[in-house]
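A short worksheet on the structure shown next.
The values are calculated or read from the model by the stated rules, or taken from the named source; none is laboratory data. Everything quoted here is computed from the prediction, not taken from an experiment. Using ideal geometry, Cβ is built from the backbone for each residue, glycine included, and neighbour counts are taken over all protein chains shown. Side chains are part of the model used for accessible areas, which takes the heavy atoms of the whole protein and leaves out ligands, DNA and RNA. Shrake-Rupley method; radii C 1.70, N 1.55, O 1.52, S 1.80 Å.
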Amino acid sequence: IYSYITDEIFVSTFSSNEATYGGAIANYGSLGEINNSTFEYNSATASGGAIYNTKTIDLIDGTLYKHNTANSGGAISNTSDSSIDTIKNSIFELNNSTGSAGAIYNEGLIETVDGATFQNNNAKNGSGGAIYADGVLENVLASNFENNIASDKGGAIYLSSDDVVLESINKDSTFKGN
(Lines give C-alpha, C1' and ligand atoms only; values in the text may rest on other atoms or scores of the structure.)
Protein backbone atom coordinates (compact mmCIF):
# COMPACT_ATOMS: atom_id res chain seq x y z
CA ILE A 1 0.00 0.00 0.00
CA TYR A 2 1.35 3.39 -1.03
CA SER A 3 -0.82 5.74 1.00
CA TYR A 4 -1.52 9.40 1.66
CA ILE A 5 -4.75 8.90 3.64
CA THR A 6 -5.98 5.63 5.16
CA ASP A 7 -8.48 5.57 8.02
CA GLU A 8 -8.05 2.04 9.32
CA ILE A 9 -6.39 -1.26 8.61
CA PHE A 10 -8.26 -3.90 10.58
CA VAL A 11 -7.72 -7.70 10.80
CA SER A 12 -5.49 -7.82 7.73
CA THR A 13 -2.47 -9.89 6.79
CA PHE A 14 0.50 -8.55 4.83
CA SER A 15 2.87 -11.34 3.84
CA SER A 16 5.88 -11.66 1.51
CA ASN A 17 5.73 -8.13 0.09
CA GLU A 18 8.83 -6.30 -1.17
CA ALA A 19 9.74 -2.67 -1.84
CA THR A 20 12.60 -0.22 -1.48
CA TYR A 21 10.78 1.59 1.37
CA GLY A 22 8.03 -0.10 3.37
CA GLY A 23 7.75 -3.68 2.21
CA ALA A 24 4.00 -3.74 2.96
CA ILE A 25 3.05 -0.08 3.59
CA ALA A 26 4.68 3.22 2.66
CA ASN A 27 2.71 5.92 4.47
CA TYR A 28 3.21 9.48 3.19
CA GLY A 29 0.18 11.05 4.88
CA SER A 30 -2.24 10.14 7.62
CA LEU A 31 -2.89 6.57 8.67
CA GLY A 32 -5.48 6.32 11.46
CA GLU A 33 -5.17 2.86 13.00
CA ILE A 34 -3.67 -0.54 12.38
CA ASN A 35 -5.59 -3.07 14.49
CA ASN A 36 -5.26 -6.83 14.97
CA SER A 37 -3.23 -7.36 11.83
CA THR A 38 -0.20 -9.43 10.86
CA PHE A 39 2.93 -8.36 8.98
CA GLU A 40 5.22 -11.28 8.17
CA TYR A 41 8.05 -12.00 5.75
CA ASN A 42 7.94 -8.49 4.26
CA SER A 43 11.16 -6.82 3.15
CA ALA A 44 12.53 -3.45 2.12
CA THR A 45 15.92 -2.96 0.54
CA ALA A 46 16.26 0.42 2.28
CA SER A 47 14.05 1.05 5.31
CA GLY A 48 10.93 -0.29 7.02
CA GLY A 49 10.59 -4.00 6.28
CA ALA A 50 6.83 -3.86 6.98
CA ILE A 51 6.02 -0.13 7.36
CA TYR A 52 7.78 3.04 6.24
CA ASN A 53 6.14 6.09 7.85
CA THR A 54 6.89 9.68 6.81
CA LYS A 55 3.90 11.45 8.42
CA THR A 56 1.36 10.21 11.01
CA ILE A 57 0.09 6.93 12.39
CA ASP A 58 -2.38 7.35 15.26
CA LEU A 59 -2.48 3.83 16.71
CA ILE A 60 -0.93 0.42 16.16
CA ASP A 61 -2.80 -2.08 18.38
CA GLY A 62 -2.69 -5.86 18.72
CA THR A 63 -0.53 -6.33 15.65
CA LEU A 64 2.13 -8.97 14.97
CA TYR A 65 5.38 -8.15 13.15
CA LYS A 66 7.37 -11.31 12.44
CA HIS A 67 10.25 -12.17 10.10
CA ASN A 68 10.38 -8.75 8.41
CA THR A 69 13.70 -7.42 7.10
CA ALA A 70 15.25 -4.14 5.94
CA ASN A 71 18.55 -2.28 5.97
CA SER A 72 17.17 -0.19 8.87
CA GLY A 73 14.00 -0.83 10.82
CA GLY A 74 13.33 -4.52 10.27
CA ALA A 75 9.63 -3.98 11.02
CA ILE A 76 8.99 -0.21 11.13
CA SER A 77 10.87 2.91 10.07
CA ASN A 78 9.56 6.23 11.42
CA THR A 79 11.32 9.14 9.66
CA SER A 80 12.40 12.51 11.08
CA ASP A 81 9.21 14.49 10.34
CA SER A 82 6.85 11.68 11.34
CA SER A 83 4.98 10.47 14.38
CA ILE A 84 3.38 7.37 15.79
CA ASP A 85 1.13 8.19 18.73
CA THR A 86 0.80 4.75 20.32
CA ILE A 87 2.10 1.23 19.74
CA LYS A 88 0.01 -0.99 22.04
CA ASN A 89 -0.26 -4.73 22.75
CA SER A 90 1.79 -5.59 19.66
CA ILE A 91 4.46 -8.24 19.14
CA PHE A 92 7.75 -7.72 17.30
CA GLU A 93 9.47 -11.06 16.82
CA LEU A 94 12.35 -12.31 14.68
CA ASN A 95 12.67 -9.10 12.66
CA ASN A 96 16.08 -8.29 11.21
CA SER A 97 17.99 -5.32 9.87
CA THR A 98 21.25 -5.56 8.00
CA GLY A 99 22.14 -2.22 9.67
CA SER A 100 20.50 -0.73 12.78
CA ALA A 101 17.11 -1.30 14.43
CA GLY A 102 16.07 -4.93 14.37
CA ALA A 103 12.42 -3.96 14.92
CA ILE A 104 11.84 -0.15 15.01
CA TYR A 105 13.97 2.65 13.61
CA ASN A 106 12.76 6.00 14.97
CA GLU A 107 14.00 9.42 13.84
CA GLY A 108 10.70 11.18 14.57
CA LEU A 109 8.30 10.93 17.50
CA ILE A 110 6.86 7.84 19.12
CA GLU A 111 4.76 8.94 22.08
CA THR A 112 4.01 5.62 23.78
CA VAL A 113 4.98 1.97 23.50
CA ASP A 114 2.59 0.15 25.85
CA GLY A 115 2.30 -3.57 26.49
CA ALA A 116 4.49 -4.48 23.53
CA THR A 117 6.75 -7.52 23.26
CA PHE A 118 10.10 -7.45 21.47
CA GLN A 119 11.69 -10.89 21.12
CA ASN A 120 14.63 -12.17 19.10
CA ASN A 121 15.01 -9.11 16.88
CA ASN A 122 18.46 -8.51 15.39
CA ALA A 123 20.42 -5.48 14.21
CA LYS A 124 23.08 -7.46 12.38
CA ASN A 125 25.55 -4.65 11.62
CA GLY A 126 24.46 -1.84 13.88
CA SER A 127 22.78 -0.70 17.08
CA GLY A 128 19.34 -1.13 18.62
CA GLY A 129 18.42 -4.81 18.59
CA ALA A 130 14.76 -3.89 19.19
CA ILE A 131 14.59 -0.08 18.94
CA TYR A 132 17.01 2.48 17.53
CA ALA A 133 15.98 5.98 18.66
CA ASP A 134 17.39 9.05 16.97
CA GLY A 135 14.29 11.12 17.76
CA VAL A 136 11.78 11.22 20.61
CA LEU A 137 10.63 8.00 22.28
CA GLU A 138 8.55 9.37 25.14
CA ASN A 139 7.25 6.42 27.17
CA VAL A 140 7.88 2.70 27.32
CA LEU A 141 5.22 1.12 29.53
CA ALA A 142 4.72 -2.51 30.61
CA SER A 143 6.71 -3.81 27.63
CA ASN A 144 8.98 -6.84 27.40
CA PHE A 145 12.36 -6.96 25.67
CA GLU A 146 13.89 -10.42 25.45
CA ASN A 147 16.84 -11.87 23.50
CA ASN A 148 17.24 -8.94 21.11
CA ILE A 149 20.69 -8.58 19.56
CA ALA A 150 22.71 -5.67 18.22
CA SER A 151 26.21 -6.17 16.85
CA ASP A 152 27.23 -2.73 18.14
CA LYS A 153 25.29 -1.04 20.97
CA GLY A 154 21.92 -1.35 22.70
CA GLY A 155 20.72 -4.94 22.56
CA ALA A 156 17.21 -3.75 23.48
CA ILE A 157 17.11 0.05 22.98
CA TYR A 158 19.77 2.36 21.60
CA LEU A 159 19.55 6.13 22.11
CA SER A 160 21.82 7.62 19.46
CA SER A 161 22.82 10.88 21.18
CA ASP A 162 22.34 13.19 24.15
CA ASP A 163 19.64 14.98 22.14
CA VAL A 164 17.37 11.91 22.06
CA VAL A 165 14.45 12.13 24.48
CA LEU A 166 13.28 9.10 26.46
CA GLU A 167 11.03 10.37 29.23
CA SER A 168 10.22 7.14 31.04
CA ILE A 169 10.48 3.39 31.16
CA ASN A 170 8.12 2.18 33.85
CA LYS A 171 8.79 -0.56 36.40
CA ASP A 172 6.45 -2.99 34.66
CA SER A 173 8.79 -3.28 31.67
CA THR A 174 11.24 -6.18 31.58
CA PHE A 175 14.61 -6.56 29.88
CA LYS A 176 16.14 -10.04 29.67
CA GLY A 177 18.97 -11.52 27.62
CA ASN A 178 19.52 -8.50 25.38
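Pairs exceeding 21 Å between alpha-carbon atoms, taken from 88/153; 124/153; 55/88; 88/171; 124/176: 88/153. Once the 1.4 Å probe is applied to the protein heavy atoms, the chain comes out at 41 Å² accessible per residue. Restriction of the trypsin sites (Lys or Arg not before Pro) in region 72-178 to DSSP coil positions whose beta-carbon has at most 13 other beta-carbons within 10 angstrom yields 171.
Computed in the context of the full set of protein chains, the accessible area of region 121-178 at 1.4 Å probe radius has 42% of its extent on carbon or sulfur.
Scanning residues 5 or more positions from residue 142 or on other chains, those with amide H under 5 Å from its amide H are 115, 170, 172, 173, with H placed 1.01 Å from N in the peptide plane. For region 1-120, with all protein chains in place and a probe radius of 1.4 Å, 44% of the accessible heavy-atom surface sits on carbon or sulfur. Computed across the chain, the Kirkwood radius stands at 15.0 Å (inverse of mean 1/r, all Cα pairs). Grab the other residues whose beta carbon is less than 13 angstrom from that of residue 139, score K and R as +1, D and E as -1, and report the net. So the environment of residue 139 carries a net charge of -4. Starting from the Cα gyration tensor of region 1-81, take the square roots of the eigenvalues, sort them a ≥ b ≥ c, and report rounded, prolate or oblate (rounded when a/c is under 1.5, otherwise prolate if a/b is larger than b/c, else oblate). Note, shape of region 1-81 comes out oblate. Shape verdict for region 93-178, please, from the Cα gyration tensor: rounded (a/c under 1.5), prolate (a/b greater than b/c) or oblate. Oblate, since a/c reaches 1.5 and b/c is not below a/b.
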